[in-house]
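S.K.: Below is one structure. I have some questions about it.
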Amino acid sequence: MKEINVFLPAAGFSERLRPISTKIAKPLLPVMGRPVLDTLLEKVSALPVSRIGINTHYKAESVAEHAARSAYSAKIVVFHEPKILGTGGALGNAASLLGKSVFLVHNADILSGIDLTALMEAHLASGNIATLAVRDYPAINNVWIDRAGGVSHVGQQAPGSGGEFRPVTYTGVAFYSPGFLRFLGEGRSEVVPAWLAAASSGSVVGTVDVSGAYWSDIGTPDAYAAAVFHALGEEGEMSYVHPSVQCDRADIGGLAVIERGSIFEGRASLRNCVVLPGARVRHGEKIENAIAGPDFRVLINEPVTVQPSAPASISGLLTAPPEKITFTLIGSGGSDRKYYRVRDYDKTAVLLECARTDPDYRRQITYSRFLSGCSVPVAGLIAEEPGTGDCPPAGDGHVHALFEDLGDLSLYSWTRCARDPGRVVKVYRSTIDVLVTLHTVATDNAGKCPPPGFRLFDYHHLRWETDYFMEQFVRKTRGIAPENRTVLAEEFDRLARKVDSAPKSVVHRDFQSQNIMVTAADTPRLIDYQGARIGPPAYDLVSLLWDPYTGLHERMRERLIAYYLAGMRLYYGDLFDEAVFGTSLLPCRLQRHMQALGAYGFLAGEKGKKYFLRHVPAALSYLREETEAAGSEFPALCRLVKRL
């Protein structure tokens, strides 16, 4: 099709965003290390774009300089406005560009999931002079459309009676035909009168309802923070720290984003906050529910998720009146379970909500008590929903349990800050101490675990993992048909039998950095242990030290393996066969990374959690190393991995 042009209005004063906008132009506000303008330039460039116009006035130099450094600078045309011209006058000022073709206007303070290609196609097919992307947002709906979607009126009052019109909100995104420009006034003007003038002349100013798409106008501190936290959620993260920032002594909780150029002067506590470039965080400072800038702190609303009331058995433990108790969604990870932080006055706890038919509910309750009794540091169980018995509860709906709040700082998030190497080693050693306790004390007492007890992590489950890898990752994610499935199956059988032949212990089975919380005094605590089984202990050590989420240097990995072996020898003495354990490491590495890749494929493809795919390169790199190290033992698998 013929190329279009794009216009990104970026001249506004951003008064509602002050004092933030006094330091940073709104289009240049960072979202997890990336300015909003860069995100928009990339998004609009997916269209058949000839030129991209950007108007400037407030902080014009910084916007123009950033545009000149952009990867899309060859297509960008800057229209400076010595006096601000308004939403209509800005288009008229750029008529030399916009009058050449159909053009898109996308406000430079809008982040959204609106499908611009679909909107463009709808405009081209309609014959409209303008096609606005709109959504139903009752709090600010003021664009009145008729039953065909045509704009008839803008204002708080309906243009007539009888239900002929309904109000919607304009999203700041629209396609226009060049003829629209003739309805703009001279000099400073607004675009809304031009819509109405065009509609009065017989032209159609149509709409496309995009209510289902994510949309955010970052015009206020609360809206900006919400957009940043939404971006975190889209990446499956609780925190983001720019790699250049030294925040070794920061305690991070809730949702936190620390941008490039921020400076930490010592210990600090961060929770539900955005730390902007140039911000200086003082020693001992506590920043909570705020945006921190170079010389300001702007309070924001705490992100709260409204959740149905907890069951009476649990809510009875809370002292605050129901209207004072808040529920904040803090994550669901790779499962369908949900976890909420319950705030009861100044106290917090974590509420688990899962399907009433979830068999792992009873395991989590049982293992919490058992592992805690074996000195394995897990989240303490406060209360469970009564009547669940020793079996998964029957019936529809959800079941709940209340646990100790371990905070939000997983080992994965903890490693996002550049840490002192000695401190990193200390935390990993403490984590391995936990692992040794699981593999020794808990293992020796496994027979005392109440029903449902521990399942076996045996040949059959190991074969399920490799089949899972083949189906969810090889076939569905990579679209590869293996050359010889029979030979691969034989190799997987051989691998499973080798892993299954290793000595057994109680294993977490997903002992990776996102399931290890770093609490006060750098103390590690375990979560997500309901999948624990009796299996090869090397599988857990591999999960931690060859974790695709983090990445350890080989020398550090070797030191930590030696530390684990010393802990096992200290407990078991000569009964611990270090040589036998050593031979199980490589087979467990092969097994674990195929399982991880299968899980990433399933979670991205079946559950729509695409952010898991960013861990695929690291897992594949490990798997490539492992198949090469295995030499000729698994040749078909080695060939397959090279294809992947």
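S.K.: In what order, largest first, do D547, D360 sit by accessible area if the probe radius is 1.4 Å? Working shown, then result.
M.R.: Numbers: D547 5, D360 40 Å².
In descending accessible area the options line up as D360, D547.
S.K.: Can I ask one more? Among the aspartates and glutamates, which fall within straight-line cross-link reach of K26, defined as a Cα-Cα distance under 14 Å, with same-chain neighbours fewer than 8 residues apart omitted?
M.R.: E15, D38, E61, D109, D217, D222
S.K.: Report the label-to-label distance for E42 and D222 in nanometres (one decimal), using points 7 Å from each Cα along the Cα→Cβ vector.
M.R.: Result for the modelled spin labels: 2.9 nm.
S.K.: Next up: Would you please give the residues with an amide H less than 5 Å from that of A383, counting only those at least 5 places away or on a separate chain, with H modeled from the backbone geometry?
M.R.: L402
S.K.: For the cross-link pairs K498/K607; K448/K610; K338/K610, which exceed 30 Å when the distance is taken from alpha carbon to alpha carbon? Intermediate values should be presented prior to the final figure.
M.R.: On the way: K498/K607 32 Å; K448/K610 41 Å; K338/K610 18 Å.
Over 30 Å Cα-Cα: K498/K607; K448/K610.
S.K.: Counting DSSP beta bridges in the chain, what percent are antiparallel, to the nearest 5?
M.R.: Numbers: 52 of 94 bridges.
Expressed as a percentage, antiparallel bridges in the chain total about 55.
S.K.: I would also like to ask the following. How much of the accessible area of the stretch 568-637, probe 1.4 Å, is carbon plus sulfur, in whole percent?
M.R.: On the way: 1760 of 3110 Å².
Of all accessible area on the stretch 568-637, carbon and sulfur atoms account for 56 percent.
S.K.: At 1.4 Å probe size, with every protein chain present, just tell me what the per residue accessible area of the stretch 1-84 comes to in Å². Walk me through the numbers before you get to the answer.
M.R.: Values: 3780 Å² over 84 residues.
I get 45 Å² per residue for this part.
S.K.: If each residue of separation counts as 0.36 nm, what is the full-extension length gain between A213 and K448 once their alpha-carbon separation is subtracted?
M.R.: Working: separation 235, 0.36 × 235 = 84.60 nm, distance 5.15 nm.
Result: 79.4 nm gained on full extension.
S.K.: Leaving out ligands and nucleic acids, and using a 1.4 Å probe, what accessible area per residue does the stretch 534-619 come to in Å²? All intermediate terms of the calculation are to be shown ahead of the outcome.
M.R.: Details: 3520 Å² over 86 residues.
Averaged over the residues of the stretch 534-619, the accessible area is 41 Å².
S.K.: Let me know the whole percent of all Cα-Cα pairs from the stretch 160-256 that are separated by more than 21 Å. Mind showing how you got there, number by number?
M.R.: Working: 2773 of 4656 pairs.
For the stretch 160-256, the share of Cα pairs beyond 21 Å comes to 60 percent.
S.K.: Considering every Cα-Cα pair within the stretch 497-644, what fraction, in whole percent, is farther apart than 24 Å?
M.R.: Values: 3924 of 10878 pairs.
It works out to 36 percent of all Cα pairs.
S.K.: Taking the solvent-accessible surface of protein heavy atoms with a 1.4 Å probe, what is the per residue accessible area of the stretch 99-158 in Å²? Write down the numbers at each step before the final one.
M.R.: Values: 2590 Å² over 60 residues.
Ligands and nucleic acids excluded, the result is 43 Å² per residue.
S.K.: So if each residue of separation counts as 0.36 nm, and I subtract the Cα-Cα distance between L299 and S50, what length gain in nm does that give?
M.R.: Numbers: separation 249, 0.36 × 249 = 89.64 nm, distance 4.18 nm.
Extra length from L299 to S50 when fully extended: 85.5 nm.
S.K.: Follow-up question, since we're still on this one. Classify the stretch 505-557 as rounded, prolate or oblate, taking a ≥ b ≥ c as the square roots of the eigenvalues of its Cα gyration tensor: rounded when a/c is under 1.5, otherwise prolate if a/b is larger than b/c and oblate if not. Working shown, then result.
M.R.: Values: a/c = 2.03, a/b = 1.11, b/c = 1.82.
Oblate, because a/c is 1.5 or more while a/b does not exceed b/c.
S.K.: Can you list the HN-Hα couplings for the stretch 44-54, worked out from phi with the Karplus curve (6.51, -1.76, 1.60; θ = phi - 60°), rounded to whole Hz and with x for Gly and Pro?
M.R.: With coefficients 6.51, -1.76 and 1.60, one gets 6, 6, 6, 7, x, 9, 8, 9, 10, x, 10 Hz.
S.K.: Under a Cβ-Cβ cut-off of 9 Å, what is the net charge of the residues other than S14 that fall near it, where Lys and Arg count +1 and Asp and Glu count -1? List each step's numbers first, then the result.
M.R.: Working: positive: R16, R18, K26, K59; negative: E15, D109.
The answer is +2.
S.K.: Also, I was wondering about something else. Could you give the size of the charge dipole of the chain about its Cα centre, using +1 on the Cβ of each K and R and -1 on the Cβ of each D and E, expressed in debye and rounded to the nearest 20?
M.R.: Values: 69 positive and 70 negative charges, 196 e Å.
Computed about the Cα centre, the dipole is about 940 debye.
S.K.: What are the ³J(HN,Hα) couplings of the stretch 592-605, residue after residue, when phi is run through the Karplus curve with 6.51, -1.76, 1.60 and θ = phi - 60°? Round to Hz, x for glycine and proline.
M.R.: Per residue, the Karplus-derived 3J(HN,Hα) values read 5, 6, 5, 4, 4, 5, x, 5, 4, x, 5, 5, 6, x Hz.
S.K.: Can you run phi through the Karplus equation (6.51, -1.76, 1.60; θ = phi - 60°) for the stretch 343-352 and list ³J(HN,Hα) in whole Hz, with x for Gly and Pro?
M.R.: In residue order, the calculated couplings are 10, 10, 6, 9, 9, 10, 8, 10, 9, 8 Hz.
S.K.: Between E490 and S269, how high is the FRET efficiency from 1/(1 + (r/R0)^6) when r is the Cβ-Cβ distance and R₀ = 60 Å? Nearest 0.05. Show your work: numbers first, answer last.
M.R.: Values: r = 55 Å, r/R0 = 0.92.
It comes to 0.60.
S.K.: Tell me which label goes with the value of semi-axes √(5λ) of the Cα gyration tensor in Å computed from the coordinates here: (1) 52, 28, 26; (2) 39, 30, 25; (3) 47, 34, 21.
M.R.: Given (1) 52, 28, 26; (2) 39, 30, 25; (3) 47, 34, 21, the calculated one carries the label (1).
S.K.: Next question, about the same structure. Would you kindly work out the equivalent ellipsoid of the stretch 176-229 from its C-alpha gyration tensor and give its semi-axes, the square roots of five times the eigenvalues, largest first in whole Å? All intermediate terms of the calculation are to be shown ahead of the outcome.
M.R.: Working: eigenvalues 188, 53, 13 Å².
Each semi-axis is the square root of five times an eigenvalue, giving 31, 16, 8 Å.
S.K.: Could you work out how far apart the two model spin labels at S73 and R188 are, taking each label as a point 7 Å from the Cα in the direction of the beta carbon, and quote it in nm?
M.R.: Computed distance between label sites S73 and R188 equals 3.3 nm.
S.K.: Let me ask something else about it. Give me the accessible area of E385, 1.4 Å probe, in Å² rounded to the nearest 10.
M.R.: 20
S.K.: So if we plug the beta-carbon distance of M556 and S96 into 1/(1 + (r/R0)^6) with R0 = 60 Å, what FRET efficiency do we get, rounded to 0.05? Mind dumping the intermediate values first?
M.R.: Values: r = 60 Å, r/R0 = 1.00.
So, using R0 = 60 Å, E works out to roughly 0.50.
S.K.: What nm distance separates the two modelled labels at A629 and S244, each placed 7 Å from Cα along Cα→Cβ?
M.R.: Each label point is offset 7 Å from its Cα along the Cβ direction, giving 3.6 nm.
S.K.: Would you compute, from DSSP H runs of 4+ residues alone, the mean residue ellipticity of the chain at 222 nm, taking -39500 (n - 2.57) per run and dividing by the full residue count, rounded to the nearest 500? Write down the numbers at each step before the final one.
M.R.: Details: 19 runs with 214 residues, N = 644.
Calculated at 222 nm, the ellipticity per residue is -10000 deg cm²/dmol.
S.K.: Amide H of H398 versus every other amide H placed in the peptide plane: which residues, excluding those fewer than 5 positions away on the same chain, fall under 5 Å?
M.R.: It is R356, by chain and number.
S.K.: Sticking with this structure for a sec: Ignoring ligands, DNA and RNA, what percent of the 1.4 Å accessible area of the stretch 369-477 is carbon and sulfur? Mind showing how you got there, number by number?
M.R.: Working: 2400 of 4590 Å².
Ligands and nucleic acids excluded, carbon and sulfur give 52 percent.
S.K.: Let me ask something else about it. Just the number, please: carbon plus sulfur as a percent of the accessible area of the stretch 237-302, 1.4 Å probe, no ligands or DNA/RNA counted. If you can, show how the numbers build up before the last one.
M.R.: On the way: 1320 of 2740 Å².
Taking all protein chains in place, the stretch 237-302 shows 48 percent carbon and sulfur surface.
S.K.: For the stretch 430-549, what's the radius of gyration and Dmax over Cα atoms, in angstrom?
M.R.: My reading of the Cα-based Rg and Dmax gives 16.5, 52 Å.
The values are calculated or read from the model by the stated rules, or taken from the named source; none is laboratory data. All values derive from a computational prediction rather than experimental measurement. All Cβ positions, even for glycine, are placed from backbone atoms using ideal geometry, and neighbour counts span all protein chains on display. Accessible surface is based on the protein model in full, side chains and every heavy atom, while ligands, DNA and RNA are left aside. Shrake-Rupley method; radii C 1.70, N 1.55, O 1.52, S 1.80 Å.
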